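The structure appears right after this line, and notes come after that.
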Amino acid sequence: MAPRYASTQLKAVFNNNTPQSLVRTRIPIRHASAVAVPTSSDPSHLDNDISKEAFLPNPDPPSDSSTARLTSSHTPYMVATYVRPPPVMAKGLGSYLWDIENRRYLDFTAGIAVNALGHCDAEMSKLIAQQSKTLIHTSNLYHNPWTGALSSLLVKNTVASGAMREASKVFVCNSGSEANEAAIKFCRKVGRVRTPNGQQHEIVSFHNSFHGRTMGSLSATPNPKYQTPFSPMVPGFRYGTFNDVAAVHDLVTPNTCSVIVEPIQGEGGVNVATAEFAQALRDRCTEVGAVLVYDEIQCGLSRTGSLWAHAALPESAHPDILTTAKALGNGFPIGATIVSEEVARCVVTGDHGTTFGGNPLACRLAHYISSRLSERTLQDGVRAKEKIFRAGIEKLKQRWPEKIQEIRGRGLILGVQLSQDPTPIVTAARERGLLIITCGTNTLRLVPPLVISDGEIEEGLGIIEEAMEVVFDKTGDQEVKGTKGQQEMAPDER
Ligand SMILES: Cc1ncc(COP(=O)(O)O)c(C=O)c1O
């Protein structure tokens, strides 16, 4: 495979909004020697740096680079909630990102399945400018033209798409966790209305799920590593095994007010719910009077090639509540909880609320973004692009059959199950100009922008092959170190 070094020659296209601190530290045209110059008096690391520079189009900025100086001046002031790789991302356009030293990266992460329309979509930027000069926020104590327009569009497009036939009303908030938090509260309220003594309050969720980090959504996310430090969790949560049909009957009982499940688990490893499992959950929920919630925060909004992932399930397995966020704002914070009429009837004024949620700026953007994501041509494109990805990964599987075990997912949420730690591949890919992330246990996750071109997919697959060559066949000069922290949740370590 021919290396692609051309990307490092590109000039940065920073605009006038670049923070002054970046302008000062930016190297206008990047060249290898600039990065290898040491600031310390000990030159012993130079040989390594130079040989790495010669072979890699995008070597990670070393510890004495302008990038490292910038991050080390910032990190003392930042709560250490994430581990990040060295580059500092400064600009995005379409399927590419640029760092402050002008390295270009093809982005197969899309901000964790967020930038479905790519980075800095031109119409979105125009709407931000327009709406920010018109009205940004009034609070939910007043009507505005856009919260209702977005709610109506989401309901109509959902029903028209053949998904959630009972979709009726929407609560708009600011994030995925908040959308699930609202769903959890609505379900508890439905349980309370149906069983006023409060007995029907239990919420069922599944191992390897990820529903968020607020106390309610974390209580639905049964990973001891993330729950234990913050225990006790909210009482009344029970956990089952994803896709275990036989266990559903005893798991969901007359005390259950809700079952929350991802039709495709994203963080947990791109695990697809079977139709039998979803149907069993739906049937048991109906039997005991519980609310079925589908969390499509990661897999929804056309990522699978249809507006909602659960459209692949029979109509008889549709949910009572659907939660969404991520791609809804293409990077602008927004989330939404779509509910059936029956659920909506149980939620009354004062039961729930938000200061920022549903503000006119976020809703105007989401109105445009969800319209674009509902287009048939975009969805057809997602399915066509899935084929290119699958064909490419299948070739890699043939080359390394004992290393690549399985390809899971649908559309442009794909998981490549490896037999070993994938994090060195993440590093090797980044240093060759491609961003990828992981999920589950030893799974590479591919969630690129939905507007990615066929050529960009081929380019990225080529980089993955090179990265695998270096890691699996140990063709490089140096051992590639793993990039940790490239997924929201570490594997469930039960
Ligand atoms: C399926 C799912 N639900 C909920 C969340 C939480 O969303 P947020 O990070 O916006 O709070 C995520 C985030 O990764 C997710 O993938």
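The values are calculated or read from the model by the stated rules, or taken from the named source; none is laboratory data. Every value quoted in this text rests on a predicted model; they were computed, and no experiment measured them. We place every Cβ from the backbone using ideal geometry, glycine too, and count neighbours over all the protein chains shown.
If I ask for residues that are of a type outside the set (Asp, Glu), more than 16 Å from the ligand (Cβ to nearest atom) and outside any loop (DSSP other than H, G, I, E, B), which ones from the stretch 282-321 would you list?
Here is the first cut: in the stretch 282-321, the ones of a type outside the set (Asp, Glu) are 282, 284-286, 288-294, 297-314, 316-319, 321.
Then drop every residue that is not more than 16 Å from the ligand (Cβ to nearest atom), which leaves 282, 284-286, 288-291, 305-307, 311-314, 316-318.
Hits for the stretch 282-321 are ARG282, ARG284, CYS285, THR286, VAL288, VAL291, ALA311, ALA312, SER316, ALA317.
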Filter result for the condition that a residue is closer than 29 Å to LYS385 by Cα and buried (at least 24 other Cβ atoms within 10 Å of the Cβ), over ALA122, ALA179, ALA113: ALA113
Answer residue from the stretch 169-202, given it is within 11 Å of VAL347 (Cβ to Cβ) and in a strand (DSSP E or B) and is farthest from the ligand (Cβ to nearest atom) among those: LYS169
Only listed residue being modelled with pLDDT of 95 or more and either out of contact with any Leu (no Cβ under 7 Å at 6 or more places or on another chain) or not in a helix (DSSP H, G or I) (or both), chosen from GLU479, GLU469, GLU459: GLU469
Evaluation of ASP250 against (1) in contact (Cβ under 8 Å) with a residue 12 or more places away in the chain; (2) farther than 23 Å from ASN157 by Cα; (3) more than 16 Å from the ligand (Cβ to nearest atom) (one fails), failing number: (1)
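Could you look through the stretch 429-448, keep only residues that are in a loop (DSSP other than H, G, I, E, B), touching a Leu at 6+ places or on another chain (Cβ under 7 Å) and not charged (D, E, K, R), and pick out the one that is farthest from PRO57 (Cα to Cα)? Give the derivation first.
Start the filter on the stretch 429-448 by keeping residues that are in a loop (DSSP other than H, G, I, E, B), which leaves 431-433, 436, 440-442, 447-448.
This time we only want the ones that are touching a Leu at 6+ places or on another chain (Cβ under 7 Å), so: 431-433, 436, 442, 447-448.
With the extra rule that they be not charged (D, E, K, R), the set shrinks to 433, 436, 442, 447-448.
Values: GLY433: 7, ILE436: 16, ASN442: 26, VAL447: 23, PRO448: 21 Å.
Only one residue tops the list, namely ASN442.
Can you confirm whether the stretch 272-289 contains a residue that is modelled with pLDDT of 95 or more, at positive phi and over 27 Å from the mean Cα position of the chain (by Cα)?
The first filter runs over the stretch 272-289 and keeps only residues modelled with pLDDT of 95 or more, leaving 272-289.
Imposing the further condition that a residue be at positive phi reduces the set to 289.
So of that shortlist, the ones also over 27 Å from the mean Cα position of the chain (by Cα) come out as 289.
Yes, there is a match, as at least one residue in the stretch 272-289 is modelled with pLDDT of 95 or more, at positive phi and over 27 Å from the mean Cα position of the chain (by Cα).
Okay, residues lined up against (1) of a type in the set (Asp, Glu); (2) surrounded by fewer than 20 Cβ atoms within 10 Å (Cβ to Cβ); (3) assigned to a helix (DSSP H, G or I):
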{"residue": "ILE369", "(1), (2), (3)": "no, no, yes"}
{"residue": "THR377", "(1), (2), (3)": "no, yes, yes"}
{"residue": "ALA384", "(1), (2), (3)": "no, yes, yes"}
{"residue": "ILE388", "(1), (2), (3)": "no, yes, yes"}
{"residue": "GLU394", "(1), (2), (3)": "yes, yes, yes"}
{"residue": "GLU402", "(1), (2), (3)": "yes, yes, no"}
{"residue": "VAL416", "(1), (2), (3)": "no, no, no"}
{"residue": "THR427", "(1), (2), (3)": "no, no, yes"}
Breaking point among (1) part of a loop (DSSP other than H, G, I, E, B); (2) of a type outside the set (S, T, N, Q); (3) under 23 Å from SER175 (Cβ atoms), for PRO232: (3)
For SER453: the one exception among (1) among the small types (Gly, Ala, Ser); (2) without any contact (Cβ under 8 Å) to a residue 60 or more places away in the chain; (3) closer than 25 Å to TRP98 by Cβ: (2)
Which numbered condition SER205 misses (of (1) assigned to a strand (DSSP E or B); (2) without any contact (Cβ under 8 Å) to a residue 24 or more places away in the chain; (3) among the small types (Gly, Ala, Ser)): (2)
Criterion violated by GLU262 - all others in (1) among the charged types (D, E, K, R); (2) more than 16 Å from the ligand (Cβ to nearest atom); (3) surrounded by 13 or more Cβ atoms within 10 Å (Cβ to Cβ) satisfied: (2)
Yes/no for VAL480 being surrounded by 17 or more Cβ atoms within 10 Å (Cβ to Cβ) and closer than 17 Å to ASN58 by Cα: yes
